[in-house]
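Taking it in order: structure first as structure tokens, then the write-up.
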Amino acid sequence: MKYILVTGGVISGIGKGVIASSVGTILKHCGLRVTSIKIDPYINIDAGTFSPYEHGEVFVLDDGGEVDLDLGNYERFLDVTLHRDNNITTGKIYQSVVPHITDAIQEWVESVAQRPVDGDLADPEVCIIELGGTIGDIEGMPFVEAFRQFQFRVKRENFCVVHVSLVPQPSSTGEHKTKPTQASVRELRGLGLSPDFIVCRSEMPIDQSVKHKISNFCHVSPEQVICLHDAQSIYEVPLMLEEQQVSHLLSDRLSLNLDTHRPRNFMKKWRDLSIKHEHLRNTVTIALVGKYTQLEDSYASVIKALQHAALACNRKLDLKCMEAEDLEEEAKNTRAVKYYESWQNVCKCHGIIVPGGFGQRGVEGKVAVCKWARMNKKPFLGVCLGLQAAVIEFARYEVDPKMACDFESAGLKFVGQDVEGERMEIMELDHHPYYVACQYHPEYLTRPLKPSPPYLGLILASCGKLEQYLARGCRMSPTDSPESSDEELPMPPHLLVNQTDKPSMSPARRTPPPSSSQKSASNLCESLSPSCSTPKKRNTVDAGFQTHDQEAE
């Protein structure tokens with residue numbers, strides 16, 4: 001087993017997660033099996049109770065683990081299924097009495113690194129570990145010390161350190177400054193870890209003279225200084241790393257025995273994806289009506305799912321985020337300007353998505369936009385609370401299973417249920433271009449090359465291409481897909497129950513791959529089965545499902 005530790009310096013939020021995912025993507029394209037571990041030094045057991053305003057989205061794993069959003073990046077980039085133990089927190093370590101915390105951390109890492117994550121039950125060959133925060137944070141000291149010991153435990157040829165640091169460029173001078181990186185590397189060395197590679201993050205490309213200066217003062221060769229400037233999309237990051245021979249450098253350092261000859265189609269899908277993203281011309285505008293829109297990371301997976309679907313449809317995503325409270329009648333009197341601006345954005349959009357949320361705040365705004373989408377035949381997708389708002393708007397009644405027939409006779413179809421037949425999971429509306437909602441969370445399984453079917457259906461309907469897509473047997477037209485790809489994209493859950501995903505049983509559900517068989521509503525409900533274990537329940541509003549918890553923000 002080979003271990004790659006990714007640390008950060010100078011500031012947090014520098015992009016360690018994307019860089020770690022990109023390194024894993026390159027190694028996976030080289031034929032290696034890769035797994036990932038994210039270490040969060042906070043005292044909490046998990047990220048489930050964090051405020052979305054401060055911490056961003058809580059990503060839900062297949063086994064119900066509530067973790068940092070970086071693990072979502074790992075799953076999307078590497079196309080793997082991680083477990084709750086792939087996220088290590090100080091709280092998890094302290095949850096039980098251990099004789100030595102550093103030994104417990106090392107044993108945890110070794111154990112989790114051996115768990116298969118790609119579905120073929122084969123042991124991973126490389127484990128990429130991201131240490132959250134920055135070097136020098138007091139809460140991260142036990143983990144730094146654990147890895148100082150760990151490098152001798154697994155031997156140097158099996159362990160390397162990638163340090164990510166900021167190289168600022170003050171506007172007053174226009175010159176890249178290397179002192180912060182020098183200080184960060186010096187502190188890392190003082191704690192017993194010597195970086196094998198230094199990834200320099202910057203706004204603009206770094207000159208060779210700056211690169212050699214960092215090499216000279218940080219005791220690494222110039223080839224080991226990797227420069228990453230801001231890019232138009234994260235799909236360019238693996239390509240930028242590979243252009244600087246990262247796979248060869250890692251192969252030499254860790255004795256990976258990789259073939260130095262790269263075939264012409266090496267990472268071709270990523271190159272095509274990056275080129276396609278860069279040359280998109282047509283735009284699709286989607287209105288996201290949420291409750292935590294001040295921080296974009298609050299809806300990270302939803303936004304990624306929309307981007308993946310838009311990319312598959314050869315469209316550039318123009319996302320308009322607006323607060324649900326600004327759409328309520330009360331805002332008309334208290335925040336008139338915001339009220340009219342928000343409704344103007346809703347009216348201009350091509351499609352609407354109402355994602356999940358907690359508590360009663362903003363529910364009336366979500367209900368109002370559901371009504372507008374229904375009456376004006378605007379493509380609509382509701383997720384979690386979005387489904388409940390759509391049902392409340394349609395009938396102002398809770399979804400009692402006994403009332404399902406009455407709903408369906410009025411045109412609101414419940415085409416998916418849980419295995420007990422008690423919880424309504426998927427709904428659609430007759431005589432509407434696309435009015436679909438689901439109680440589970442399909443965005444957690446989206447992939448750059450395999451967009452989530454409900455989100456794909458929303459984008460297709462918003463572009464006016466859904467009927468054409470269905471008529472072609474769920475294939476894009478030649479003008480909407482790259483010539484090199486003839487892969488069949490997933491079927492969107494539109495109007496036909498056999499085109500929906502099977503929901504899982506966890507409160508924050510992930511959607512498994514779509515079924516290709518043709519089933520009636522009753523047959524589908526009978527065939528549904530849980531795809532993951534049930535995690536602990538979170539405080540959430542099930543406004544339409546006979547539970548009314550208090551707001552947990």
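Go through the range 128-165 and report how many residues are under 23 Å from Val220 (Cα atoms) and not in a loop (DSSP other than H, G, I, E, B).
Qualifying residue count, the range 128-165: 22.
I'd like the residue in the range 419-442 that is over 19 Å from Val60 (Cα atoms) and of a type in the set (Phe, Trp, Tyr) and, out of all such residues, is surrounded by the most Cβ atoms within 10 Å (Cβ to Cβ).
In this case the residue turns out to be Tyr435.
Taking interchain pairs and intrachain pairs at least six residues apart, which have beta carbon atoms under 8 angstrom, with the first residue in the range 101-114 and closer than 16 Å to Ile4 by Cα and the second surrounded by fewer than 18 Cβ atoms within 10 Å (Cβ to Cβ) and acidic (Asp, Glu)?
As it stands, the answer is Trp108/Asp85; Ser111/Asp85; Val112/Asp85; Gln114/Asp123, since those pairs meet every condition given.
Of all residues in the range 450-489, count the ones that are modelled with pLDDT of 75 or more, surrounded by fewer than 21 Cβ atoms within 10 Å (Cβ to Cβ) and touching a Phe, Trp or Tyr at 6+ places or on another chain (Cβ under 9 Å).
1
Inspect the range 254-269 for any residue being on the phi > 0 side of the Ramachandran plot, in the same structural domain as Glu125 (by TED's automatic domain parsing) and at pLDDT below 85 and give the result as yes or no.
yes
Just checking, which of Ile226, Ile234 is over 18 Å from the mean Cα position of the chain (by Cα) and within 21 Å of Val167 (Cα to Cα)?
Ile226
Please specify each residue of the range 59-72 satisfying the condition of being closer than 17 Å to Glu130 by Cβ and either crowded, with 24+ Cβ neighbours inside 10 Å or without any contact (Cβ under 8 Å) to a residue 40 or more places away in the chain (or both).
Within the range 59-72, Phe59, Leu61, Val67, Asp68, Leu71, Gly72 meet the criteria.
Pairs, please: C-beta under 7 Å, at least 6 apart or cross-chain, first residue free of Cβ contacts under 8 Å to residues at least 24 places away in the same chain and in the range 216-234, second crowded, with 20+ Cβ neighbours inside 10 Å?
Filtered contacts from the range 216-234: Pro222/Lys211; Ala231/Val237.
The values are calculated or read from the model by the stated rules, or taken from the named source; none is laboratory data. None of the values given here were measured: they were computed from a predicted structure. Quick reminder, even Gly has a Cβ in these numbers, built from the backbone with ideal geometry, and neighbours come from all protein chains shown.
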